[in-house]
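Enquirer: Got a structure for you, written out below as structure tokens; questions coming shortly.
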Amino acid sequence: MKTHATERHPAADVGRAALPRRLAAMCAIAVLALAPLAAAGAGKPHVVFILADDLGYGDTGFSWQQRARAAAQARILTPNLDRLAREGATMTSHYCAAPVCAPSRASLMLGRVQGRCSLRDNCFDHAFVERDTLGTVMKSAGYATWAVGKWGIAGGGESGEPVSSHPLDKGFDYFYGFLDHMAGHTYYHYEGHIRGAFMGITENRTNATASAEGIYSTDLFAAKAKELISAHLASKPGKPFFLYLAVNAIHGSGQSGDNLPDKTPLHVPGRPYPEDGVTWPLEREPAAARNTWINPAYTNLPPFAARYATAITRMDDAIGDIARHLERCGIAEDTLIIFTSDNGPADEYGADPRFFGSNGPFDGMKRDVFEGGMRVPAIAHWPARIRPGTVDNSPSQFHDWMATLAEVGGVGKPGLCDGVSLLPRWDGKRGEPSLVYTQYEFPWGGGTAAFAGFKARKGDVRGLQQMVRAGDYVALRTRMREGGGAAKVRLYNVVEDPFQSRDLAGDESQRARLKALTKSLDDRFKE
Ligand SMILES: [Ca+2]
């Protein structure tokens, strides 16, 4: 395997805390055992795939906050993600699969583009029928496979369907987290149901809410991830693992009408993140402290902004904690960490994407097929393979991860996978072009928020929407069921005009491109 060990980024040690004794002890045996075994398992790195929820392109330091916002502006701090970005590859034109949770996660898990995926639109808690998942692919590659956090595509819950695509039935050896979609709408879990969805924590097929009561979910999942890694290295050090870690940060919480015990918009933790990281099992937060702690960096901000930034930096703390755990365990060099988000920023639960510039240089947000709803931050960190500072500007989309991980694991991608491997790009080669397409129906007749910042489409109605990207261009249409010209195809050069303020569809010089992309939209659409 090609390595760049001598080319480590000088920032590689930034943020690395002093070695905490108890964690060092936890991994000491594994480190000793792993030195020869890591080589014996050559070619198959461990994989940690971290998926954030409703985190906009502009919500992370490396993609926007530190790059584009002035020091005088309020900025969200994500130093750990920024470090991973510096040391690895960033993908500046990475697209989620759909601008809302469930279909986006389905396409990611199944490697299928929307339109060819059994889960589309607002399919919360609907089960999927596809056989191959990231779990089955990695399992076939010899990996231990774990899903931690938000699943939401099992059946049951809001859908009322049988639970037929439980993670344990779809390639994962272990599951801990929110089986039902709605459970991700709170950061403090409890034994109850909303719209048929179980709001607690499930471990494999068992109610494990008692293990999580009074523990902020970001901390909970980080501790569980570290525990899984430590236990695995102690028992099966020669076997690679695949951890799918889907945190619920930064999704809003306390939805009115949901009967949550606490309706505060966007829960925050009850205490600072431990300096030496979280350790399983975590102590409960005192009841009075829960949902009260604001990161000192944000105490001067308006209440919701302070909560929003606190929750994101908390996620960053947790990711840094996991990354340092991999280092202490001696496996960071040959572990692929992927980080991205399932859709653009939301204006729900009191959130306002304008405050921090959560959609970065783009227009639109969650539920829009404009760039702000679809473009997400993305990092691939793998010291043994990826050169520090690698930047991939070419388009890619969620279904590419299945093809990428199949290649990482040394197995072929499933025949129905629509993705292409991103590995060649990380090696500085061109690679195959990615298909970037989505369709999504917003069923409630609502429009893009009439924010002053969203000038291009102020008050526009979404309806049934489609978008496709080809090269530097995006073609899209909204209100497809309305007819009468409402669904006119718009064309943008999103490299020159990322805000999509100039519709090129009327330009004579773009006639051939418009025709070709309109055909592409027509051909790919599926009811
Ligand atoms: Ca989401």
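The values are calculated or read from the model by the stated rules, or taken from the named source; none is laboratory data. Worth saying up front: this structure is predicted, and the values here are computed from it rather than measured. So basically every Cβ, Gly included, is an ideal-geometry build from the backbone, and we count neighbours across all protein chains shown.
Enquirer: Any idea which of (1) away from the ligand (no atom under 16 Å from the Cβ); (2) assigned to a loop (DSSP other than H, G, I, E, B); (3) in contact with an Asp or Glu (Cβ under 8 Å, 6 or more places away or on another chain); (4) not β-branched (Val, Ile, Thr) is the one ALA346 doesn't satisfy?
Expert: Failed condition: (1).
Enquirer: Separate question: Of the residues GLY156, GLY160, GLY111, only one is surrounded by 20 or more Cβ atoms within 10 Å (Cβ to Cβ), away from the ligand (no atom under 16 Å from the Cβ) and over 29 Å from PRO395 (Cβ atoms); which?
Expert: GLY156
Enquirer: Something else now. Away from the ligand (no atom under 16 Å from the Cβ), within 19 Å of GLY58 (Cα to Cα), at pLDDT 95 or above and not charged (D, E, K, R): is that true of GLY360 in this structure?
Expert: yes
Enquirer: Could you check the range 180-233 and list, in sequence order, the residues that are among the β-branched types (Val, Ile, Thr) and in a loop (DSSP other than H, G, I, E, B)?
Expert: THR186, ILE201, ILE215
Enquirer: Looking at the range 81-103 only, could you name the residues that are under 16 Å from HIS399 (Cα atoms), surrounded by 24 or more Cβ atoms within 10 Å (Cβ to Cβ) and not hydrophobic (A, V, I, L, M, F, W, C)?
Expert: Those that are under 16 Å from HIS399 (Cα atoms), surrounded by 24 or more Cβ atoms within 10 Å (Cβ to Cβ) and not hydrophobic (A, V, I, L, M, F, W, C): HIS94, TYR95, PRO99, PRO103.
Enquirer: Going by what's in this entry, would LEU245 be described as within 16 Å of the ligand (Cβ to nearest atom), in a loop (DSSP other than H, G, I, E, B) and surrounded by 23 or more Cβ atoms within 10 Å (Cβ to Cβ)?
Expert: Here the answer is no, as LEU245 does not meet what is asked.
Enquirer: Under 30 Å from SER140 (Cα atoms), of a type in the set (Gly, Ala, Ser) and outside any helix (DSSP H, G or I), is that true of GLY238?
Expert: Yes.
Enquirer: Given the conditions (1) small (Gly, Ala, Ser); (2) within 30 Å of SER421 (Cβ to Cβ); (3) out of contact with any Cys (no Cβ under 9 Å at 6 or more places or on another chain); (4) within 16 Å of the ligand (Cβ to nearest atom), report the number of the one that ALA323 does not fulfil.
Expert: It fails just one condition, (4).
Enquirer: For the structure I just gave you, tell me whether THR292 is at pLDDT below 95 and either among the hydroxyl-bearing types (Ser, Thr, Tyr) or surrounded by 24 or more Cβ atoms within 10 Å (Cβ to Cβ) (or both).
Expert: Spelling it out, THR292 is indeed at pLDDT below 95 and either among the hydroxyl-bearing types (Ser, Thr, Tyr) or surrounded by 24 or more Cβ atoms within 10 Å (Cβ to Cβ) (or both).
Let's see how each residue does on (1) under 21 Å from GLY61 (Cβ atoms); (2) out of contact with any His (no Cβ under 9 Å at 6 or more places or on another chain); (3) assigned by TED's automatic domain parsing to the domain that holds GLU87:
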site	(1), (2), (3)
GLU371	yes, yes, yes
HIS381	yes, yes, yes
ARG385	no, no, yes
HIS399	no, yes, yes
GLY412	no, yes, yes
CYS417	no, no, yes
LYS429	no, yes, yes
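Enquirer: Going through the range 101-134 one residue at a time, which ones are at pLDDT 95 or above, in contact with a strand residue (DSSP E or B) (Cβ under 9 Å, 6 or more places away or on another chain) and of a type in the set (A, V, I, L, M, F, W, C)?
Expert: Once the filter is applied, which keeps residues that are at pLDDT 95 or above, in contact with a strand residue (DSSP E or B) (Cβ under 9 Å, 6 or more places away or on another chain) and of a type in the set (A, V, I, L, M, F, W, C), the range 101-134 yields CYS101, LEU108, MET109, VAL113, ALA127, LEU134.
Enquirer: Name the pairs whose Cβ atoms lie under 6 Å apart, with the first residue in the range 321-348 and closer than 20 Å to GLY58 by Cα and of a type in the set (Val, Ile, Thr), the second within 16 Å of the ligand (Cβ to nearest atom) and at pLDDT 95 or above, and 6 or more positions between them or separate chains?
Expert: What qualifies is ILE338/PHE49; THR340/VAL376; THR340/ALA378.
Enquirer: Could you identify the single residue in PRO261, PRO272 that is at pLDDT 75 or above, away from the ligand (no atom under 16 Å from the Cβ) and in a loop (DSSP other than H, G, I, E, B)?
Expert: PRO272
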